[in-house]
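The block underneath contains the structure these notes are about, expressed in structure tokens.
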Amino acid sequence: MERDKLRVRFVVKGVNTEFVNALRRAMLAEVPTMAIEDVVFFENSSILHDEIIAHRLALIPLKTDLDSYLLPEECGCGSELGCNRCRVILTLSVEAGDERRTVYSGDLSPDDPEVKPVYDNIPIVVLAPGQSLKLEAYARLGKGKDHAKWQPVSVCTHKYYPSVEVYSERCDLCGKCVEICPKRVLAVEEDSLKIVNLLNCTLCEDCVRACPKNPPAIRVSPVPEAFIFNIESTGSLPVDRIVEEAAKILEKKLSEFSQKLEELG
Ligand code: SF4
Ligand code: SF4
Ligand SMILES: [Zn+2]
């Protein structure tokens, strides 16, 4: 497993393609995050229409607190703009004065400091001297299946775990496979062909086609029931929380499904 604050790459073994695809879809479409849904404009003398600014605001990733807020459909308030259990209000009030002024995501001030923009430096609009922008934005939890602004991941892919075999009795270390490999998986070191970066292999088979030997001295194949996940968070949620939540969602869906089957007899 490799990880940093926003990215993780891990291997899953003993599962089939359907399972990893269901997990991927749950991360993309089912794990909720906060995003701006409604905007009330008090003043907008900028060059951009209200709708464009509202759209730009909606795409700003917000830090999400899944433990303190409810999805609007799960909250009993029934209010159009939500209550303090299902929404966060972010206010913005910027006047350009005598100089041109760019309005950034960092100018949004949330009523819950835990639900703030992930990055402060996302430009929203440039105000000319004398122009102003004043608004109140309502952020809610939502799911990627309803709008991409609620997706917690900017990358969520999986691929087969590769196996690369070298037949040293046929290999004369010509290096053709090393040269052609787009992912720098192979290297000739100490009189042998080494696999130096296995997880980067995409199973493209360029190395096999480039090998002048017949049959080729190198073979690549997917390892059965093993996959490499590559996930990048937008910053709304920690990357391990995204995986955890997706697994919980899948588990819940499966138990609901089996319960329904039992009811049908
Ligand atoms: S299959 Fe493609 S990526 Fe993998 S080692 Fe061969 S050339 Fe490189
Ligand atoms: S191209 Fe074939 S013979 Fe040449 S180094 Fe690679 S595996 Fe060996
Ligand atoms: Zn509510």
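The values are calculated or read from the model by the stated rules, or taken from the named source; none is laboratory data. None of the values given here were measured: they were computed from a predicted structure. A quick note on method: Cβ atoms are made from the backbone with ideal geometry, for glycine too, and the neighbour counts reach across all protein chains shown.
Identify the residue in region 165-200 that is under 11 Å from I218 (Cβ atoms) and under 29 Å from the mean Cα position of the chain (by Cα) and, among all such residues, is nearest to ligand 2 (Cβ to nearest atom). Going through the qualifying residues, I end up with C181. For region 81-107, what are the residues that are of a type in the set (D, E, K, R) and within 10 Å of ligand 3 (Cβ to nearest atom)? R85, R87 - these are the residues of region 81-107 that are of a type in the set (D, E, K, R) and within 10 Å of ligand 3 (Cβ to nearest atom).
Among the residues of region 159-191, those that are within 13 Å of ligand 1 (Cβ to nearest atom), more than 16 Å from V208 (Cβ to Cβ) and surrounded by 12 or more Cβ atoms within 10 Å (Cβ to Cβ) comprise K159, Y161, A187. Would you call P129 farther than 15 Å from T33 by Cβ, without any contact (Cβ under 8 Å) to a residue 12 or more places away in the chain and away from ligand 3 (no atom under 16 Å from the Cβ)? When the stated conditions are applied, P129 does not pass them. Restricting F41, F10 to residues that are of a type in the set (F, W, Y), assigned by TED's automatic domain parsing to the domain that holds Y119, in contact with a strand residue (DSSP E or B) (Cβ under 9 Å, 6 or more places away or on another chain) and touching a residue at least 24 places away in the same chain (Cβ under 8 Å) narrows the list to F41. Given the condition without any contact (Cβ under 8 Å) to a residue 12 or more places away in the chain, in the same structural domain as V115 (by TED's automatic domain parsing) and surrounded by fewer than 21 Cβ atoms within 10 Å (Cβ to Cβ), answer yes or no: does some residue in region 63-72 qualify? Looking for residues that are without any contact (Cβ under 8 Å) to a residue 12 or more places away in the chain, in the same structural domain as V115 (by TED's automatic domain parsing) and surrounded by fewer than 21 Cβ atoms within 10 Å (Cβ to Cβ), one finds at least one in region 63-72, hence yes.
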